Amino acid sequence: MNNKTLQQLVDKNFNNYKKGKVADYIPALAKVNPKQLGITIYDLKNNDRIQAGDVDVRFAIESMSKVPVLLLAIKDRGIKKVFETINTEPTGFAFNSIMNMEINHRKHPMNPFVNAGAIATTSLINGKDAKEKFERILAFMREICDDPDITLNKEIYQSEAKTGDINRSLAYYMKGNQMIEEVPETLEAYFKQCSVDVTATGMAKLAAVLANKGVAPWSNQRIVSEESATIVKSIMTTAGLYDESGEFSVHVGVPAKSGVGGGLMAAVPNSYGIGVFSPALDNCGNSVAGIQLLKDIVQELDLDIFK
Ligand code: DON
């Protein structure tokens, strides 16, 4: 595939934004222009990327932050500790539901990609306070996305913090069950990690590291262990798109993670890292045009991992 073919697929899918709606539960996200679509594909074989559309536009990483923060928690605390705290089962519930912990008398959040599990993951990040935790998260995101310009979007952060009462209830529920200790500290770091501005290209690079077994293809430096890259891709496959994960696996078939900022990344083992951005979302909180475009790419390049 070349830039021109990719541009044609972007053009074909652009109008899908009309079938969705930008996130409005966080006021700063409601202001984002829905008429945007961009994609970067990092090709491991040629160590090169192809791209089309709005690939350099900055948007809030939101739930895609759950991927780098999980990788950092594993680096900090080890696989055993992280997955003693957070399970690895899909939930079938919305991303901010408390049900994943209530059903079956489970005390532990069911996976690191629903909000409860992500908040518990953030609580495991090393650092003496929220400031230090977030600084470490930011430095790690810059490294794994190969993007030194990733910064906190203060307006999104303030919006997240102001409207974050469901996340607060999840966090206090977990504190009541001895899952996490410091609620305000953990939530400050969690709201901030969701509020950093990234690009489709940066997300493609993060996904390329996962696709490449933990090694950054642009530098040949190992960033995370092969084992953690494998585990994270597995969880992306079963829980990366919330209660749409099963449908996505059937109809698209690659490990992926979404965010309500309109981002979507896919790590295709040993071949491609893909970053997509289009802010209008479906009912589950996933980018409508992003999913359709990714589906076309997967078909065009024959990437369905279940084939
Ligand atoms: O916790 C929240 O509500 C958001 N900051 C992140 C949620 C998110 O991106 C869910 N996504 N699809």
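The values are calculated or read from the model by the stated rules, or taken from the named source; none is laboratory data. Source: prediction; values computed, not measured. Every residue, glycine as well, gets a Cβ built from its backbone with ideal geometry; the counts of neighbours run over all protein chains shown. Keep in mind that these areas ignore ligands, DNA and RNA; they rest on the heavy atoms of the full protein, side chains included. Shrake-Rupley method; radii C 1.70, N 1.55, O 1.52, S 1.80 Å.
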* Somewhere in region 283-296, is a residue in a loop (DSSP other than H, G, I, E, B), over 12 Å from the mean Cα position of the chain (by Cα) and away from the ligand (no atom under 16 Å from the Cβ)? -> no
* So which residues in region 60-75 are more than 12 Å from the ligand (Cβ to nearest atom) and β-branched (Val, Ile, Thr), if there are any at all? -> 74
* Among the residues of region 281-294, count how many are open to solvent by less than 10 Å² (accessible area, probe 1.4 Å), more than 19 Å from residue 26 (Cα to Cα) and of a type outside the set (Gly, Ala, Ser). => 2
* Asked: So which of 152, 138 ends up being within 15 Å of the ligand (Cβ to nearest atom), assigned by TED's automatic domain parsing to the domain that holds residue 83 and closer than 25 Å to residue 28 by Cβ?
  -> 152
* Structure fact -> Of 126, 111, 87, 100, the only residue that is more than 21 Å from residue 198 (Cβ to Cβ) and under 15 Å from the mean Cα position of the chain (by Cα) is 111
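Determine, yes or no, whether residue 23 is in a helix (DSSP H, G or I), within 16 Å of the ligand (Cβ to nearest atom) and surrounded by 15 or more Cβ atoms within 10 Å (Cβ to Cβ).
no
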* **Those residues of region 188-202 which are in contact (Cβ under 8 Å) with a residue 60 or more places away in the chain and either open to solvent by less than 10 Å² (accessible area, probe 1.4 Å) or in a loop (DSSP other than H, G, I, E, B) (or both), in sequence order** => 189, 190, 193, 194, 195, 196, 198, 199, 200, 202
* **Residue list for region 50-72, restricted to those being over 30 Å from residue 164 (Cβ atoms) and at pLDDT below 95** => none
* Quick one: count up the residues across region 158-191 that are within 16 Å of the ligand (Cβ to nearest atom), charged (D, E, K, R) and out of contact with any Lys or Arg (no Cβ under 9 Å at 6 or more places or on another chain). => 3
* **Residue check for residue 174: touching a His at 6+ places or on another chain (Cβ under 7 Å), farther than 23 Å from residue 37 by Cα and not polar (S, T, N, Q)** => no
* Determine which single condition residue 34 fails, assuming it passes every other condition in (1) within 16 Å of the ligand (Cβ to nearest atom); (2) in contact (Cβ under 8 Å) with a residue 60 or more places away in the chain; (3) out of contact with any Phe, Trp or Tyr (no Cβ under 8 Å at 6 or more places or on another chain). => (3)
* To do: List every residue pair whose Cβ atoms sit under 7 Å apart, with the two residues 6 or more apart in sequence or on different chains, where the first one lies in region 206-228 and is on the phi > 0 side of the Ramachandran plot and at pLDDT 95 or above and the second, anywhere, is of a type outside the set (D, E, K, R) and not in a loop (DSSP other than H, G, I, E, B).
  => 213/229; 214/228; 214/229
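Are there any helices (runs of 4 or more DSSP H) wholly within region 55-150 with 1 or more residues that are buried (at least 19 other Cβ atoms within 10 Å of the Cβ), on the phi < 0 side of the Ramachandran plot and in contact with a strand residue (DSSP E or B) (Cβ under 6 Å, 6 or more places away or on another chain), and if so which?
66-85
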